[in-house]
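Every read-out reported here was derived from the displayed coordinates using simple, explicitly stated rules and does not represent laboratory data. Keep in mind the model is a prediction, meaning the values are calculated, not measured. Glycine also receives a Cβ, built like all others from the backbone with ideal geometry; neighbour counts cover every protein chain displayed.
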Amino acid sequence: MEALGLPLLNTTLSISPLQQAVTKLKNPTFKLKLELKPCYRRSHSHRWTVRMQADDGEDESVKQMKEMAAARKRWESLIREEKVKVLTPKEAGYAIQLSNKTLLDVRPSTEHKKAWVKGSTWIPIFDVDDRLDVGAVSKKITNFVMGGWWSGIPMFAYDNRFMSKVEEKFPKDIDLIVACQKGLRSLAACEQLYNAGYKNLFWVQGGLEAAEEEDLGREGPQPFKFAGIGGVSEFLGWTDQQRVAAAKEGWGYRLVFSARLVGLILFADGLFLGAQQVGHFLQDLRFQ
């Protein structure tokens, strides 16, 4: 908070959420396709930023892990050298309220529409891939089959106009607080912003998911913690965020999702019995 010119809060800052996020990405059930893309810094040296997109190609997994490890080192270096300052969600809210700092929300539309920080500017670095060509449709089907139906996470595509949109909106000398849902995509955004000439950057550690409701002024229909969940897991209340909420809210909260589970089972049974009846009916028609 010294970098913001504000009194220090009684909090300890670390980059452990970054390490935890990268560890999750190493899980073989979740793979990233990393494509190197030239950064916006005008110099003769070749620097690269990371473009991430969900993919199921196992043949490139080793290459992907190496690229992710390289990105992690760059991001940790940005923080260690204080080129990007670290704020907790509470400190970010404190800075926005008392110093009129600007918060740049880089989350995709699926997360932003559920909850956003009051007064923030939304420019997604990745958003839902709306292409309908053969390759994109194939990847969307694979993503759905490989777990998208459960998590509700669609295919995302990098926005090639991300930096130009930011530069149209903000001058290079502005104090910019960058946030996403969990803190990883915002680090990728910080790297691009720093290389483009933005030097007063602040990263929200752990993302908006780590924020308590009193930390930041919220707008939108859901708490920040629920903005990143979806699919069948959200419908049944089987996400970590909902389990924590259930522990606080008690049995009334749990009964809602128990009723949904029972309803889903009855619906599946109804479909099965209906299919059987249709099968018998078609069989009877054939023998008439």
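Here the scattering of the range 155-287 is modelled by Debye summation over its C-alpha atoms, one equal scatterer each and no solvent; at q = 0.09, 0.14, 0.16, 0.17 Å⁻¹ the log10 of I(q)/I(0) is -0.50, -0.82, -0.94, -1.00. Stokes-Einstein diffusion of the range 123-208 at 10 °C, 1.306 mPa s viscosity, Kirkwood radius from Cα pairs, rounded to a whole number: 110 µm²/s. The three principal axes of the Cα atoms in the range 96-161 give end-to-end lengths of 49, 28, 13 Å, sorted in falling order.
According to the Kirkwood relation over distinct C-alpha pairs, the hydrodynamic radius of the range 180-234 is 12.7 Å.
Note on His280 and Met146: their simple-model spin labels are 4.3 nm apart, each label 7 Å out from Cα toward Cβ.
Applying 0.36 nm per residue to the separation of Lys63 and Lys169 and subtracting their alpha-carbon distance, the gain on full extension is 34.6 nm.
Across the cross-link table entries Lys114/Lys172; Lys73/Lys165; Lys73/Lys182, which are compared at the Cα atoms, the separations over 20 Å belong to Lys114/Lys172; Lys73/Lys165. The charge dipole of the range 68-157, taken about the Cα centre with unit charges on the Cβ atoms of Lys, Arg (+1) and Asp, Glu (-1), comes to about 220 debye, rounded to the nearest 20. A Förster radius of 22 Å, combined with the Cβ-Cβ distance separating Arg243 from Ala268, puts the computed FRET efficiency at roughly 0.40.
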